[in-house]
């Protein structure tokens, strides 16, 4: 079974530029998450999708971050314009139906460096 | 709101020594608790999970954790550390209402030869 796929693995940009990350979850997983992991900290949830609908985006800085999951499968997270403090690893995860036991499957992450 | 606190951002042990990584949780309902491991430049991998069955949970790579309600703890242990255990470990609590995980700050385990 293929795992969660993310790309690109690494991205270096200058502040005020834009960047996009892509995630393809495990086949059949209805729930998709984007987490931000700043160096030395635990992952923080940015946004959660159930199929193609947003369940929780309360921690997403909506003035610069956006995310979509138009067909309920893969997802894109965009940052525009980027700030220095956005330097982090962006982790995508997926899980089966809501109400399950909570096991999330993570991709390898996309490491963003903002100069 | 549910949360977890990991005591000690860095833990160093000698190879062959006991590993003990501490996690305390806060939850108003019986929690589901998880430990994940993250190796350098990789995503998070599930080590073990507690979902209200047996209080002593065994996971992969010889790790186990014990759920202690009276202490609101879910500490991770391994009897004998191996060099390959060097990684970052995250404790997490599952928010059943929101179907999401809330993570602690992580503990970096270093294993000395």
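Mind listing whichever residues of region B:77-109 are under 21 Å from residue A:44 (Cβ atoms) and more than 7 Å from chain A (Cβ to nearest Cβ)?
Of all residues in region B:77-109, those under 21 Å from residue A:44 (Cβ atoms) come to B:87-108.
B:87, B:88, B:89, B:91, B:92, B:93, B:95, B:96, B:97, B:102, B:107, B:108, listed by residue number.
Considering region B:3-22 alone, what residues qualify as being within 11 Å of chain A (Cβ to nearest Cβ) and farther than 14 Å from residue A:43 by Cα?
Of the residues in region B:3-22, the ones within 11 Å of chain A (Cβ to nearest Cβ) are B:3-6, B:9-10.
The answer is B:9, B:10.
Mind telling me which of the residues B:84, B:3 ends up being touching a helix residue (DSSP H, G or I) at 6+ places or on another chain (Cβ under 9 Å), surrounded by fewer than 16 Cβ atoms within 10 Å (Cβ to Cβ) and over 23 Å from residue A:25 (Cα atoms)? Steps first, answer last, please.
Working: B:3 fails: touching a helix residue (DSSP H, G or I) at 6+ places or on another chain (Cβ under 9 Å).
On inspection, the qualifying residue turns out to be B:84.
Quick one: which residue in B:37, B:57 is free of Cβ contacts under 8 Å to residues at least 24 places away in the same chain, within 14 Å of chain A (Cβ to nearest Cβ) and outside any loop (DSSP other than H, G, I, E, B)?
Result: B:57 is the single residue among B:37, B:57 that is free of Cβ contacts under 8 Å to residues at least 24 places away in the same chain, within 14 Å of chain A (Cβ to nearest Cβ) and outside any loop (DSSP other than H, G, I, E, B).
Can you tell me which residues in region A:25-34 are surrounded by 22 or more Cβ atoms within 10 Å (Cβ to Cβ) and at the interface with chain B (Cβ under 8 Å from one of its Cβ atoms)?
Of everything in region A:25-34, just one residue is surrounded by 22 or more Cβ atoms within 10 Å (Cβ to Cβ) and at the interface with chain B (Cβ under 8 Å from one of its Cβ atoms), namely A:33.
Rundown of residues vs (1) in contact (Cβ under 8 Å) with a residue 12 or more places away in the chain; (2) part of a loop (DSSP other than H, G, I, E, B); (3) closer than 25 Å to residue B:31 by Cβ; (4) touching a strand residue (DSSP E or B) at 6+ places or on another chain (Cβ under 9 Å), yes/no style:
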residue: A:3; (1), (2), (3), (4): yes, yes, no, yes
residue: A:23; (1), (2), (3), (4): yes, no, no, yes
residue: A:33; (1), (2), (3), (4): yes, no, yes, yes
residue: A:90; (1), (2), (3), (4): yes, no, no, yes
residue: A:94; (1), (2), (3), (4): yes, no, yes, yes
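Filter region B:6-33 down to residues that are touching a strand residue (DSSP E or B) at 6+ places or on another chain (Cβ under 8 Å) and modelled with pLDDT under 95, then give me how many there are.
Of region B:6-33, the ones touching a strand residue (DSSP E or B) at 6+ places or on another chain (Cβ under 8 Å) are B:6-15, B:18-27, B:31-33.
Now narrow it down to the ones that are modelled with pLDDT under 95: B:7-9, B:25-27, B:31-33.
Result for region B:6-33: 9.
Name the single residue, out of those in region A:1-24 being farther than 23 Å from residue B:89 by Cα and crowded, with 19+ Cβ neighbours inside 10 Å, that is nearest to the other protein chains (Cβ to nearest Cβ). Let's see the steps before the verdict.
Restricting attention to region A:1-24, the residues satisfying the condition of being farther than 23 Å from residue B:89 by Cα are A:1-2, A:7-8, A:11-24.
Applying the additional criterion that residues be crowded, with 19+ Cβ neighbours inside 10 Å yields A:19, A:21, A:23.
Values: A:19: 19, A:21: 13, A:23: 11 Å.
Taking the candidates together, the pick is A:23.
Looking at (1) surrounded by fewer than 22 Cβ atoms within 10 Å (Cβ to Cβ); (2) in contact with a strand residue (DSSP E or B) (Cβ under 7 Å, 6 or more places away or on another chain); (3) at negative phi; (4) modelled with pLDDT of 95 or more, which one does residue B:74 not meet, given that it meets all the others?
Evaluating residue B:74 over (1) surrounded by fewer than 22 Cβ atoms within 10 Å (Cβ to Cβ); (2) in contact with a strand residue (DSSP E or B) (Cβ under 7 Å, 6 or more places away or on another chain); (3) at negative phi; (4) modelled with pLDDT of 95 or more leaves (1) as the failure.
Take the residues in region A:42-73 that are within 14 Å of chain B (Cβ to nearest Cβ) and in a loop (DSSP other than H, G, I, E, B); name whichever of them is surrounded by the fewest Cβ atoms within 10 Å (Cβ to Cβ).
Step by step, filter region A:42-73, then rank; the result is A:58.
The values are calculated or read from the model by the stated rules, or taken from the named source; none is laboratory data. All figures in this text were calculated on a predicted structure; none of them were measured in a lab. Neighbour counts are summed over all protein chains in view; Cβ atoms, including those assigned to glycine, are modelled from backbone coordinates with ideal geometry.
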